[in-house]
Amino acid sequence: MKRAHSNAVENLVVFAALVLVVHASGTSNEITVLACMVYFWARVARFVVYTFGIPLLRTFAFAAGFASQVVLALIALGMV
């Protein structure tokens, strides 16, 4: 659980920065809200599967969270 928490804190820095950039630039929309919700639930799922030691699901949960960050970055950069 400590490792999962440490990983979540490390990724929160990137996620928070992206959310702040999206908000400050005024590019927030339904897609960014959905990306934030997906990120949150992916991190919750990753915590649970990491705790129970399910490697494949842990990878999928991480990928979903990472994809959400990519969506936020693309919108912040005006590429979407």
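Counting Cα-Cα pairs of the chain in 5 Å increments starting at 0 gives whole-percent bin shares of 3, 17, 26, 22, 14, 10, 5, 2.
Springs join every pair of Cα atoms under 10 Å in this Gaussian network model of the chain, and among 60, 52, 15 the largest mean-square fluctuation is at 52.
Readers should treat all values here as calculations from the given coordinates under stated rules, not as data from a laboratory. These numbers come from a predicted model, not from an experiment.
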